[in-house]
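Read the structure below first, then the notes.
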Amino acid sequence: MKASHYIIACLFLCFFFGNAQETKQYKIQTVAFYNLENLFDFEDDPLTFDDDRTPEGKDHWTEEIYLAKLKNMAKVISEIGTEVTGTTPTIIGVCEIENRRVLEDLVNQEPLLKKEYGIIQFDSPDRRGIDVAVLYQKRLFTPTHYKAIPLYIYDENDLTKRIYTRDQLIVSGMLDGEKIHVIVNHWPSRSGGEARSRPKRIKAAQLNKHLIDSLFVEDPYAKVITMGDLNDDPTSPSLKEYLKTVDTKENMQLKQLYNPMEAMFKKGLGTLAWRDAWNLFDQIIVSTELLKNDYSSYRFYKAGIYNKSYLANSRGRYKGYPYRSFGDGGFTGGYSDHFPVYVYLIKEKE
């Protein structure tokens, strides 16, 4: 981090911590999540339903448009957290990406190239061919173990028929010398209606809880961050009853999960809009160990929605909604139908 950004960071933290902390300096890392809204390459994959995203397809998805989409995605990612940390996110989970190629093309865009991002991605069984993935700055985070865990869901009318959806990606590694675990999710959509599709997301929540509990069996003090497009709000049953998230940091017990997005949602904030209502489907949730007041190691500091004005429609019927990259008329020149979310992790600088 440049000296000027250390000054900004210290002032930023002093504002919230008070004058008693003003002589201390902090290391700050940004961990983010972004739904990239169907980042497909422009070539037909015969194994997936990507026909619309080809030059001859419904979306007229040409190489030129693909490159414009990449440029837009790279611009957004390069700016998340930068005003505080002076650099791009250390770790960013992404979803709605077609394959490894689009991620390689993304991290080689000019705003991200010098950060030398590594990629962790597996091809999921999703019929559309969209996956989740983790990008990480190699100089700051070292993966030690990662695995894609399948989510098994079956048709309620035919229990022999599997409904294929995205895997949950679990990545463990060393963040500046400290062990941390990140899980990236893209839970089943609300297609067919929220109530009818709810059991699928409950299954996803149960799998996520199982993965997190497995980490706690190995280490009750594990630092866990689970994130993703959950297709549910922070107050939905999948989060509150099955993942068992809490909305306050006070009196948290060991091995609990704090969802900082719940307070934002209750204030009317969101990451996507539908029929004049906001949802906050994109969430980052942290375990108890990240909430301690001892900043000799990395702790959760703050969460936010990255919703800069250029990421929203500036006029028309959808004014204020995320400026999505595709509409009825094809490529809009926009970004995504979701705003990104982020958290800051901080620790005292030695």
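The values are calculated or read from the model by the stated rules, or taken from the named source; none is laboratory data. The structure displayed is predicted, hence computed values, not measured ones. Cβ: placed from backbone, ideal geometry, glycine included. Neighbour counts: every protein chain shown. We work out accessible area using only protein heavy atoms, side chains counted, and drop any ligands, DNA or RNA first. Shrake-Rupley method; radii C 1.70, N 1.55, O 1.52, S 1.80 Å.
Within region 174-189, being on the phi > 0 side of the Ramachandran plot and either free of Cβ contacts under 8 Å to residues at least 12 places away in the same chain or in a strand (DSSP E or B) (or both) holds for one residue alone: GLY177.
Yes/no per residue for (1) among the aromatic types (Phe, Trp, Tyr); (2) open to solvent by 50 Å² or more (accessible area, probe 1.4 Å); (3) closer than 22 Å to ASN35 by Cβ; (4) assigned to a strand (DSSP E or B):
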| residue | (1), (2), (3), (4) |
| --- | --- |
| SER238 | no, no, yes, no |
| GLU250 | no, yes, no, no |
| ALA273 | no, no, yes, yes |
| GLU289 | no, no, no, no |
| TYR295 | yes, no, no, no |
| TYR310 | yes, yes, yes, no |
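Going through SER172, SER191 one at a time, which residue ends up being within 19 Å of ILE153 (Cα to Cα), in contact with a helix residue (DSSP H, G or I) (Cβ under 9 Å, 6 or more places away or on another chain) and of a type outside the set (D, E, K, R)?
SER191
At pLDDT 95 or above, open to solvent by less than 10 Å² (accessible area, probe 1.4 Å), hydroxyl-bearing (Ser, Thr, Tyr) and within 30 Å of LYS71 (Cα to Cα): does that describe SER336? Against the criterion (at pLDDT 95 or above, open to solvent by less than 10 Å² (accessible area, probe 1.4 Å), hydroxyl-bearing (Ser, Thr, Tyr) and within 30 Å of LYS71 (Cα to Cα)), SER336 qualifies. For ILE65, the conditions (1) at pLDDT 95 or above; (2) surrounded by 16 or more Cβ atoms within 10 Å (Cβ to Cβ) all hold with the exception of (1).
Restricting attention to region 76-122 and to residues that are under 19 Å from GLN283 (Cα atoms) and open to solvent by 10 Å² or more (accessible area, probe 1.4 Å), the residue that is nearest to the chain's Cα centre (by Cα) turns out to be GLU96. The single residue among GLY304, GLY268, GLY316, GLY330 that is without any contact (Cβ under 8 Å) to a residue 12 or more places away in the chain and either closer than 23 Å to ILE92 by Cβ or over 22 Å from the mean Cα position of the chain (by Cα) (or both) turns out to be GLY316. Of all residues in region 100-127, those being charged (D, E, K, R), in contact with an Asp or Glu (Cβ under 7 Å, 6 or more places away or on another chain) and over 19 Å from ASN72 (Cβ atoms) number 1.
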